[in-house]
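Taking it in order: structure first as structure tokens, then the write-up.
The values are calculated or read from the model by the stated rules, or taken from the named source; none is laboratory data. None of these values were measured; they are calculated from a predicted model. Note that each Cβ is placed from the backbone with ideal geometry, even for glycine, and that neighbours are counted across all protein chains shown.
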Amino acid sequence: MSVTGLAGMRNIANLKPELTPPSEIFAGSPATFRVRLHNHKTFFPSFLIILKTPAGEKIVFPFIAAGKIAEATILLTFPERGSRGIEKITINSPFPVNFFTRSWTVPVKEQFLIFPALLKAVADSPESDATGASGILARDRGVDGELERIAEYSGSEPLRMIHWKLSARGDSLLVKDFGSQAATPLLINPDLISGLTIEERISGAAWLVRHWANRRPVGLQLEGKIIPPATGKHHALHLLSELALYKLNAAV
């Protein structure tokens, strides 16, 4: 028992877990974290290593060579938005005999920003939404709308707009004339979205941001702050980060 106990404790010694979060973590939804487990022992590998969180999620590493890093993924769920952590990870193993399980706890200081849970706030329609902002598409000449007509080539159009098949039938080049679609900006005020509680209204705002951010300019109107509408993933993450901390301690 002494020998197996010593071997078991050496097996789990000098192991350091590292968590890498995904770019988006929403309250109440499982998020895929990448786990890297460092074996800092110089000569001894580790066998049957089990990592476990306080919430009960766990992951098994069958083997980690000495001085190496093993990688895997784990699903973690945070019930509430805001800056959250898991506090600790328990490292245990039944090695070398499946009779005693030896373990030790590693504190986890990292905090992760948890976005609000997504709660659908409006019908999937560009004409209206819960904020009262219009979603009518403004049409103009461009390259991203519907095909409106065939026109003669003026020399300023991109070559990719030339209609080669029709041009081959005549003596002049013809181009495809498209309309341009530009959606009006959407400024979201979480306090004006329908919902029984602040959390429901903020979750509705988060849904609007995630739904529209890549389709039209989206911004936020918060108490004492306005974030101008813009598009793109980076901007959407900024808006979701603001919502993650907005009125965090409010009760109603």
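Assorted remarks:
- Residue that is surrounded by the fewest Cβ atoms within 10 Å (Cβ to Cβ) [pool: residues in segment 21-48 that are among the β-branched types (Val, Ile, Thr) and modelled with pLDDT of 95 or more]: THR32
- Check on LEU222, at pLDDT 95 or above and either touching a Phe, Trp or Tyr at 6+ places or on another chain (Cβ under 7 Å) or within 18 Å of GLU24 (Cβ to Cβ) (or both): no
- Test: residue in segment 39-47 that is at positive phi, touching a residue at least 40 places away in the same chain (Cβ under 8 Å) and of a type in the set (Gly, Ala, Ser): no
- Test: residue in segment 66-78 that is of a type in the set (A, V, I, L, M, F, W, C) and touching a Gly at 6+ places or on another chain (Cβ under 9 Å): yes
- Checking each residue in segment 34-60 for being within 11 Å of LEU76 (Cα to Cα) and among the small types (Gly, Ala, Ser) picks out ALA55, GLY56.
- Qualifying strands (runs of 3 or more DSSP E) (wholly inside segment 167-250; at least 1 residues being farther than 14 Å from ALA117 by Cα and among the small types (Gly, Ala, Ser)): 174-183, 218-222, 225-230
- In segment 199-220 there is at least one residue that is of a type in the set (S, T, N, Q), in contact with a Pro (Cβ under 6 Å, 6 or more places away or on another chain) and outside the structural domain of GLU80 (by TED's automatic domain parsing).
- Selected residue (criterion: nearest to PHE78 (Cα to Cα)) from residues of segment 98-132 that are modelled with pLDDT under 65 and surrounded by fewer than 18 Cβ atoms within 10 Å (Cβ to Cβ): VAL122
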